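Note sheet for the following structure.
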Amino acid sequence: MRTPSVRAALAGPGAASPAPSPPPAPSALRGALPAPALRRLATARPRLALALAWLCALTCAALDVWCVAVAGPDATGLRLLPVAAACALLVPLAVLRPRAALAVLLAVSFTTVVRADSAMKSLPGPVPSPGTQAWQLACVHGAGCALLLCVIAHRSPAVWTLGAGLVSFAVQLGAATYYRPGSLPVTGAFLALVTVTAGVLGRAARERRAHAEALRAAATERAVVDERLRIARELHDMVAHSIGVIAIQAGVGRRVLTSRPEEARSALAAVEEHSRETLAGLRRVLGALRGTDTDPGPAPALAGLPALLARTHAAGLRAELVREGRRALPGDVDSAAYRIVQEALTNVLRHSTAGVCQVRLAFGPQALRVEITDAGPARKAGQAVGFGLAGMRERAALLGGELRAGPRPEGGFEVVARLPVEVGRE
């Protein structure tokens, strides 16, 4: 079954286009949103969604500063849980504007750390752990900064990622001078490690997504090319044989029109029959391409060889069919073998003066061998330039087989194809 992208690529500019889809959201709105309601809102009302996201971010900043101010210097451990919970309000802005969300969080982190350090220093008497509250606040906000930096690296170019990482590292290192003034080298090394890790993870996710998109695009392109080649082979195999027979019959009718009217009428009847068959086949192919023909008819198979040989005989070429063994064949092998025989007989009609040829089918346990030979005058393998031999080789190659065509040492031309019957044994 063809995918919509393949069908659209094959349809061409003249095909009817589907109903227009709504315009996509701006680039800032790409990506998964935290909830279906917010996703629908961002698609339908991007400005309103962005305004609500900024409102949530400002509320987060105000709540964090207020919680630190109200809780006092004794707020440590689980008593800082409201500060961490308030950071969840940054999620909408992080989805729509991750760089803006990082700036807000860095400002909130620096403000709260400085506020906590000032509160500790304002206490009378010695303070047991002066940097505990500021350090815990920095850890909470540092985790959020690392996640935001990962999102930025995933969705932004490398320049923005590098800038965001440097700003984040500088602000957090500046805040560390308030709660770890005596161990800045260790703290700086730890912050650098976290920042680099977040950036690398985000870039890896970005490259993985780009690689997946490239693979999908390549698969779609290959599917389009394969479908076009398949259609080209079907049209060539169907039309070339019929047109070749029609041309020969028309020539016969023209030559004997006055001397032998009965033969001329027979030739014209054959031309009419082949023309109708070709026209019906073309209509089936076009109907299948447009999606209006749900029953394209049975695929050609070796069971139709007697009728094919009869039409070839009527065109002036007597073909002898030799079978060695019998066995059931997969549908694709059966159809490919028929098309190879059909194209080989067409080439004999068009490019050889031989009046007799032989079609040999050898049914082996693992492969089907198809031979078409004629005893006409020797001719070079590349004498007939066209798509027939290329199409036969493609059919054999698609099934894991091989095909060779060329002049015979004793004269004439031969086409030999080997088509595996069981793919797993090749």
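Could you list, in sequence order, the residues of the stretch 176-211 that are over 21 Å from Thr161 (Cα atoms) and either assigned to a helix (DSSP H, G or I) or out of contact with any Gly (no Cβ under 7 Å at 6 or more places or on another chain) (or both)?
Within the stretch 176-211, Ala176, Thr177, Tyr178, Tyr179, Pro181, Gly182, Ser183, Leu184, Pro185, Val186, Thr187 qualify.
Out of curiosity, is Asp74 surrounded by 18 or more Cβ atoms within 10 Å (Cβ to Cβ) and modelled with pLDDT under 80?
Working: surrounded by 18 or more Cβ atoms within 10 Å (Cβ to Cβ): no; modelled with pLDDT under 80: yes.
The answer is no for Asp74.
All but one of (1) at pLDDT below 70; (2) closer than 30 Å to Arg327 by Cβ; (3) among the aliphatic types (A, V, I, L, M) hold for Leu289, so report the exception by its number.
(2)
Anything in the stretch 248-279 that is of a type in the set (S, T, N, Q) and either part of a helix (DSSP H, G or I) or in contact (Cβ under 8 Å) with a residue 60 or more places away in the chain (or both)? List them, or say none.
Residues satisfying the conditions are Gln249, Ser266, Ser275, Thr278.
Looking at Ala315, Ala299, which one is of a type in the set (A, V, I, L, M, F, W, C), over 18 Å from Val416 (Cα atoms), at pLDDT below 80 and surrounded by 17 or more Cβ atoms within 10 Å (Cβ to Cβ)? Before you say what the answer is, go through the steps one by one.
Working: Ala299 fails: surrounded by 17 or more Cβ atoms within 10 Å (Cβ to Cβ).
Residue meeting the stated conditions: Ala315.
Condition check ((1) outside the structural domain of Gly391 (by TED's automatic domain parsing); (2) in contact (Cβ under 8 Å) with a residue 60 or more places away in the chain; (3) at positive phi; (4) touching a Leu at 6+ places or on another chain (Cβ under 9 Å)) across all residues:
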| residue | (1), (2), (3), (4) |
| --- | --- |
| Asp334 | no, no, no, yes |
| Gln342 | no, yes, no, yes |
| Thr346 | no, yes, no, no |
| Arg350 | no, yes, no, no |
| Val356 | no, no, no, yes |
| Val359 | no, no, no, yes |
| Val370 | no, no, no, yes |
| Thr373 | no, no, no, no |
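What residue, among those in the stretch 318-345 that are surrounded by 12 or more Cβ atoms within 10 Å (Cβ to Cβ) and among the acidic types (Asp, Glu), is modelled with the highest pLDDT?
Per the criteria, the residue is Asp334.
Determine which single condition Gln366 fails, assuming it passes every other condition in (1) within 25 Å of Val271 (Cα to Cα); (2) polar (S, T, N, Q); (3) under 37 Å from the mean Cα position of the chain (by Cα).
Gln366 satisfies all of (1) within 25 Å of Val271 (Cα to Cα); (2) polar (S, T, N, Q); (3) under 37 Å from the mean Cα position of the chain (by Cα) except (1).
Scan the stretch 128-149 for residues that are touching a Pro at 6+ places or on another chain (Cβ under 8 Å) and either surrounded by fewer than 13 Cβ atoms within 10 Å (Cβ to Cβ) or modelled with pLDDT of 80 or more (or both) and jot them down.
Leu148
Report whether or not Thr278 is hydroxyl-bearing (Ser, Thr, Tyr), modelled with pLDDT under 75 and either touching a helix residue (DSSP H, G or I) at 6+ places or on another chain (Cβ under 6 Å) or not assigned by TED's automatic domain parsing to the domain that holds Val356 (or both).
yes
Just the residues that are within 12 Å of Ala314 (Cα to Cα) and hydroxyl-bearing (Ser, Thr, Tyr), please, taken from the stretch 262-284.
Ser266
Looking at (1) surrounded by 17 or more Cβ atoms within 10 Å (Cβ to Cβ); (2) acidic (Asp, Glu); (3) at pLDDT below 85, which is the one condition that is false for Asp374?
Result: Asp374 fails condition (3) only.
So, of the residues in the stretch 346-363 that are of a type in the set (A, V, I, L, M) and either part of a helix (DSSP H, G or I) or surrounded by 15 or more Cβ atoms within 10 Å (Cβ to Cβ) (or both), which turns out to be nearest to the chain's Cα centre (by Cα)?
For the stretch 346-363, the residue satisfying everything is Leu361.
Yes/no matrix, rows are residues, columns are (1) without any contact (Cβ under 8 Å) to a residue 40 or more places away in the chain; (2) under 30 Å from Gly388 (Cα atoms); (3) more than 30 Å from the chain's Cα centre (by Cα):
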{"residue": "Gln133", "(1), (2), (3)": "no, no, yes"}
{"residue": "Ala164", "(1), (2), (3)": "no, no, yes"}
{"residue": "Ala212", "(1), (2), (3)": "yes, no, no"}
{"residue": "Leu229", "(1), (2), (3)": "no, yes, no"}
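The values are calculated or read from the model by the stated rules, or taken from the named source; none is laboratory data. Just so we're clear, the structure is a prediction, and the values are computed from it rather than from any experiment. Note: ideal-geometry Cβ built from the backbone for every residue, glycine included; neighbour counts use all protein chains shown.
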